[in-house]
1. Under 5 Å between amide hydrogens, which residues at least 5 positions from Val84 or on another chain qualify, with H placed 1.01 Å from N in the peptide plane?
2. Considering only the other residues whose Cβ falls under 13 Å of the Cβ of Phe78, what net charge follows from Lys and Arg at +1 and Asp and Glu at -1?
3. Contour minus end-to-end for Arg73 and Asp89, with contour as 0.36 nm per residue of separation and end-to-end as the Cα-Cα distance?
4. Net charge around Asn155, counting only other residues with Cβ within less than 14 Å of its Cβ (Lys, Arg = +1; Asp, Glu = -1)?
5. Could you work out how far apart the two model spin labels at Ala106 and Lys148 are, taking each label as a point 7 Å from the Cα in the direction of the beta carbon, and quote it in nm?
6. Around Asp136, under 13 Å between beta carbons, what's the net of Lys plus Arg minus Asp minus Glu among the other residues?
7. The range 45-116: which GluC sites (Glu not before Pro) are DSSP loop and have at most 10 other beta-carbon atoms within 10 angstrom?
8. Could you pull out every one of the lysines with an alpha carbon less than 20 Å from that of Lys62, ignoring same-chain neighbours closer than 8 positions?
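Quick note: the coordinates plus some simple rules give every number you see, no bench work behind them. Here the structure is a predicted model, which is why all the values come from computation and not from measurement. We place every Cβ from the backbone using ideal geometry, glycine too, and count neighbours over all the protein chains shown.
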Amino acid sequence: MPYAPVPTVSLDQCVLGVVLSCLAPSILLSACNRESSDSAPDVRTASAESTLLSGRFESVGKTTRGTVELIARGDDYFLRLRNVKVEYDGPIHIYLVGVPSAPNTASVDNTELKYDMAPLQNGAEEQLVALPSAPDPALRSVVLWNPKYGANLANAPLQE
């Protein structure tokens, strides 16, 4: 029996207070804890990059390969997908999901904290998806989602 599509929230519909957290762990370098301009400057520069979390895609509904990283460049945050290939020709969306792992469609359906970040460029060597700021620390999985059938195609649990 096919699953019903999961209601999603696009970034332009999000209230930043829901998506972002000033209580993020120190590795996420929350903007709420930045020092004033009178203190020492931030040592990170726009070109400095750090990997905060990473994961490898695991097949759920379709055979999938590739990796994903949550990275910081200065005050900017991105999901970087590398060599992601899903054995599916239809549209695929990248979801950031508030569960430690999403091994099936029900695990995505049953969480309210999920955001449709962007369409997947299936087969691209690298895809960079900009985040509006440091993500909520509860967002710990990246899911490749079939919007037509409301199905989880692949999951990448994010680890430090």
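1. The answer is Thr67, Gly123, Ala124.
2. Neighbour charge sum, excluding Phe78 itself: -2.
3. 2.5 nm
4. Neighbourhood net charge equals +3.
5. 2.6 nm
6. +1
7. Numbers: sites: Glu49, Glu58, Glu69, Glu87, Glu112; in loops: Glu87, Glu112.
Passing both the DSSP loop test and the Cβ count: Glu112.
8. By straight Cα distance, Lys62 reaches Lys85, Lys148.
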